[in-house]
Amino acid sequence: MSHKIVAIIGGAVAGSEAAGRLAERGIHSVVFEQNSLPYGKLEFGLPKWHARLRDRQEELVDKKLDNPYVQFVPNTKLGRDFQIAELLKDWPFSAILLALGAWRDRPLPVEGINDYIDKGLLYMTEVTNWFNQCHDPNYSGPNYIMPYKNVLVIGGGLASIDMIKIVALRQVVQRLYDFGIDADVLQLERKGIFQALNEFGLTFERLNIEPPKLIVRRSVEELPLTVLPENPTQEQLEKAAETRRKLIEKLKEKFPFELVERHHLKDMIVKDGQLRGLVFVEKGKQEKIVSIETELVISAIGSIPEPLPGIPMKGEIYDVEDPQTGKIRGLERVFALGNAVTGKANIRQSMLHSKQVTEFIVDEYLSVDSDDYARLFEERSKLADRRVDALLQKLEDQPQVTDRQLRQIKDEVKRLQEKVGYDGHYRQWIKRHLPARLEHLKGKE
């Protein structure tokens, strides 16, 4: 008897959608996941105040991966534990799908600035991961103390809005602790900082905190807060600009921060081996050079796929020769899904029309609530589904796998699973490795 079996690298939204769709067609898959949990940025990048959305989306991933046609291999990373050349040469997979996501922070455009990581500079991935897990008694990663002044967040998209909220929330939680108040960060986020402080009998001014600054390249009217139709009219442009202003004003009603518009990063200021300032070109009627002192800079300008040996790149993304199937240039049987194959320019079209078979990077779309995230994850899942449909047609031309070859693959998969301590019981593994939830520790639903 002959079969088809597909390797999927990454188990989050796109990867699990692919595995689920293949299983519906009776096609086996092996999902190689670099982390213990397969949720990607659902778990590590979505701020913890989106708990209900996170749980719903993760349950969807679980339903697709907890399937007899799907073999899950956690803690196994492409480029570290195996190479793409090995999969192509030694494993008789019908196809290999890259659903890796975008895990690498896009570097700030100043030469040498990364020498000051943890010396006045942080990137959003590490900070968000810490924020999401710092309440967990078993958390063993880095811990951060937010300074009370001169904190800059560089960005302009969804990631930077979340980051400015994280900074403000942590500043207030730290200061309230000095007042003998063990504040619930989820309640602070839900009510807004100003209302929560009022209920404590305090004002923000009394905390003696300088609001963090969000530095953006555009004006507030140009931020990606609303989706415009193709070829918008002047009236639609004006309405969108007004909506963007109102959304920022609404955000400022709940969270203290300063929006610094039209500032383009030019250089850095270093003192005593620490990053102590940034130099910007302020755009306007007349350009001028502006220096801003810093105690902490957090870059939130987006994330990009990690370059991997053997996978060709085109700029910041993988080099795809067929946009419909996501086939990687020069590699037979290798296809890409998700953030690995697109850039920010496709967001508006995929959100509004879904006319092209594209995927989007969620940190480029500015949002203030969970509903927008939910729509983005739903759209990503739909787009992955379409790409798998196109891929299934390609699979018809791929060689079949014999019973013997299928057993060989399963035996090798079992060896890899045993190597990382995975016994094949998916739900039990997830339960053992799921971090403590703050809402549960606080006695909430």
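The values are calculated or read from the model by the stated rules, or taken from the named source; none is laboratory data. Because the structure is predicted, anything quoted here is derived from the model rather than measured. Counting neighbours? That spans all protein chains shown, and the Cβs are built from the backbone with ideal geometry, glycine included.
Only one of the numbered conditions (1) among the basic types (Lys, Arg); (2) at pLDDT below 95; (3) assigned to a helix (DSSP H, G or I); (4) surrounded by fewer than 20 Cβ atoms within 10 Å (Cβ to Cβ) is violated by LYS63, and that is (2). For region 289-311, the set of residues classified as modelled with pLDDT of 95 or more and either more than 19 Å from the chain's Cα centre (by Cα) or under 30 Å from VAL388 (Cβ atoms) (or both) consists of ILE289, VAL290, SER291, ILE292, GLU293, THR294, GLU295, LEU296, VAL297, listed by residue number.
On the stretch given as region 80-135, residues that are in contact with a Lys or Arg (Cβ under 6 Å, 6 or more places away or on another chain) and either among the charged types (D, E, K, R) or under 30 Å from ALA51 (Cβ atoms) (or both) total 1. Residues that are under 27 Å from LYS89 (Cβ atoms) and more than 21 Å from the chain's Cα centre (by Cα) are absent from region 274-285 altogether.
Give me a count of the residues in region 240-272 that are modelled with pLDDT under 95, farther than 23 Å from GLN171 by Cβ and loosely packed, with under 14 Cβ neighbours inside 10 Å. Count: 3.
For residues that are assigned to a loop (DSSP other than H, G, I, E, B) and among the aromatic types (Phe, Trp, Tyr), scanning just region 161-208, find the one that is nearest to VAL260 (Cα to Cα). Residue satisfying both the conditions and the ranking: PHE204.
For region 305-333, filtered to residues that are among the aliphatic types (A, V, I, L, M) and in a loop (DSSP other than H, G, I, E, B), the residue that is farthest from LYS77 (Cα to Cα) is LEU331.
Does GLY201 satisfy being free of Cβ contacts under 8 Å to residues at least 40 places away in the same chain, in the same structural domain as LEU152 (by TED's automatic domain parsing) and on the phi > 0 side of the Ramachandran plot? Criteria met by GLY201. Within region 412-445, track down each residue that is surrounded by fewer than 14 Cβ atoms within 10 Å (Cβ to Cβ), among the acidic types (Asp, Glu) and under 16 Å from THR76 (Cα atoms). Within region 412-445, GLU418, ASP423 qualify. Which is part of a loop (DSSP other than H, G, I, E, B), surrounded by 18 or more Cβ atoms within 10 Å (Cβ to Cβ) and out of contact with any Leu (no Cβ under 7 Å at 6 or more places or on another chain), of ASN132, ASN138, ASN75? One residue alone meets the criteria, ASN75.
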